[in-house]
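Accompanying notes for the structure given below.
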Amino acid sequence: MTKVFVTGGAGYIGSHVVKLLGEKGYDVLVYDNLSTGHEWAVLYGKLIKADLADKETLKKVFLEFKPEAVIHFAASIVVPESVKYPLKYYRNNVINTINLLEVMEECKVKKFIFSSSAAVYGIPKKIPIPETEPLNPINPYGETKATVERILRDLANSGSEFKYVSLRYFNVAGADPEGKIGFAYPKTTHLIIRALKTAKGEFDKLEIYGTDYPTPDGTCIRDYIHVTDLAEAHIIALEYLLDGGESDVLNCGYGRGFSVKEVISMVKKVTGIDFKVVEAPRRPGDPAILVADSSKIKEKLHWSPRYDDLEFIIKTAWHWEKNFNP
Ligand code: UFG
């Protein structure tokens, strides 16, 4: 059984990947400080509650488990928070990743999959965005992801045998189609979750941040990708590295977008609830359009997503949200 070390495996995306890894017969060890993740979300393998800042524990766990590969989800991910507390973001996302990479080096673990983000592009010039677009983040969160990508590039070019795949996520949404896990962080700023929580009555209204963008209906367009399709991309990337593949950087999106207004209409259709929506000023740092050019991952890794359907994405998220009571 191939042993895979997963940081942040108790979180939203991590737990979906752990589920697939378990179903496919991998031996999984989840390393998570449970700051935003949950023990119940880890459906397979062993969970160690510890922090990446604690290098001693990290190394001890590595020496005992002896993983062949690492998938690194653990990070802080809230863009506005990163603007307010940049040092927290650099420490957690950059310094803790360096700890992890050092321990990997010391323990001779050479395969690494990294959770990057479309936030590394900032305001892109080309739409859909190819991986060759320059890294030009416009907030500290995106900076931390771009910084780690540069560290990974340099490490892979250092003459070591280190190989990595960096996956640049677009807007991840939806929940496990079997309904076992889903998004479980109450303080979210994400559009689909906030819209569902408004439908549920947790908020009295949903605000649309900006209706004067240069898009057909004036609201921002995003490439919403189902979390299980994204999880599958991790499995494929892992198998690629285990088969001796070279380091690479890949966008994870479907290559099409929906506006904020289109998403809200779909949430109303799926839930059958006509909640209150108000127009509000632009939120700082929002690019008008973020849509992936996903041809590279489709051609090179033969990723064939199954859930490229906004209605299905929202249905799975709604099913989870209705049944999930924090
Ligand atoms: N939006 C609203 N009202 C809300 C919430 C969001 O109008 O209550 C709008 C936003 O302004 C944006 C769109 O809905 O135009 C999507 O917003 P999200 O917060 O759901 O997602 P973002 O595109 O801002 O961010 C996501 C991830 C980030 C990542 C980024 C990169 O959450 O971690 O994609 O593409 F950096």
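Before we move on, is Val270 of a type in the set (A, V, I, L, M) and either in a strand (DSSP E or B) or within 12 Å of the ligand (Cβ to nearest atom) (or both)? Judged against the criteria, Val270 is not a match.
Considering only residues that are of a type in the set (Asp, Glu) and not in a loop (DSSP other than H, G, I, E, B), which ones fall in the range 38-56?
Of everything in the range 38-56, those that are of a type in the set (Asp, Glu) and not in a loop (DSSP other than H, G, I, E, B) turn out to be Glu39, Glu56.
When Thr189 is tested against the conditions (1) of a type in the set (Ser, Thr, Tyr); (2) surrounded by 17 or more Cβ atoms within 10 Å (Cβ to Cβ); (3) closer than 18 Å to Val260 by Cα, the lone failure is (2).
Selection within the range 218-244: residues that are assigned to a loop (DSSP other than H, G, I, E, B) and within 12 Å of the ligand (Cβ to nearest atom). The member of this set that is farthest from Pro305 (Cα to Cα) is Gly218. Of the residues making up the range 108-118, one or more are assigned by TED's automatic domain parsing to the domain that holds Glu81, under 22 Å from Ile13 (Cβ atoms) and in contact with a Pro (Cβ under 6 Å, 6 or more places away or on another chain). For the range 78-88, check the following and say yes or no: at least one residue is farther than 21 Å from Leu250 by Cα, crowded, with 19+ Cβ neighbours inside 10 Å, in the same structural domain as Tyr164 (by TED's automatic domain parsing) and within 13 Å of the ligand (Cβ to nearest atom). Yes, the range 78-88 has at least one match. Here Tyr254 meets each of (1) surrounded by fewer than 20 Cβ atoms within 10 Å (Cβ to Cβ); (2) in contact with a Pro (Cβ under 7 Å, 6 or more places away or on another chain) with one exception, condition (1). Residues being under 18 Å from Phe114 (Cα atoms), at pLDDT 95 or above and in a strand (DSSP E or B) are entirely absent from the range 73-89. Taken together, the criteria place Asn96 among residues that are outside the structural domain of Arg283 (by TED's automatic domain parsing) and within 30 Å of Arg222 (Cα to Cα). Scanning the range 106-137 for residues that are β-branched (Val, Ile, Thr) and near the ligand (Cβ under 10 Å from one of its atoms) yields Val120, Ile129. Tallying residues that are out of contact with any Lys or Arg (no Cβ under 7 Å at 6 or more places or on another chain) and surrounded by 19 or more Cβ atoms within 10 Å (Cβ to Cβ) within the range 237-247 yields 3. Counting the residues of the range 144-194 that are of a type in the set (Ser, Thr, Tyr) and in contact with a Lys or Arg (Cβ under 7 Å, 6 or more places away or on another chain) gives 1. The single residue among Ala233, Ala280 that is buried (at least 21 other Cβ atoms within 10 Å of the Cβ) and in contact with a strand residue (DSSP E or B) (Cβ under 7 Å, 6 or more places away or on another chain) turns out to be Ala233. Selection of first residues in the range 134-148 that are of a type in the set (Val, Ile, Thr) and of second residues that are not in a helix (DSSP H, G or I), restricted to Cβ pairs under 7 Å at least 6 apart or on distinct chains, gives the following pairs, ordered by first then second residue: Ile138/Gly122; Ile138/Ile123; Ile138/Gly285; Val148/Phe114.
For the range 5-37, what are the residues that are hydroxyl-bearing (Ser, Thr, Tyr) and either surrounded by fewer than 16 Cβ atoms within 10 Å (Cβ to Cβ) or in a loop (DSSP other than H, G, I, E, B) (or both)?
Tyr26, Ser35, Thr36
Scan the range 109-118 and give yes if some residue there is within 25 Å of Ile221 (Cβ to Cβ), among the aliphatic types (A, V, I, L, M) and either buried (at least 18 other Cβ atoms within 10 Å of the Cβ) or at pLDDT 95 or above (or both), otherwise no. Yes, the conditions are met somewhere in the range 109-118. Can you confirm whether the range 31-50 contains a residue that is acidic (Asp, Glu) and closer than 24 Å to Tyr185 by Cβ? Yes.
The values are calculated or read from the model by the stated rules, or taken from the named source; none is laboratory data. Just so it is clear, the model here is predicted, and its values are computed rather than measured. All Cβ positions, glycine included, derive from the backbone under ideal geometry; neighbour counts span all protein chains shown.
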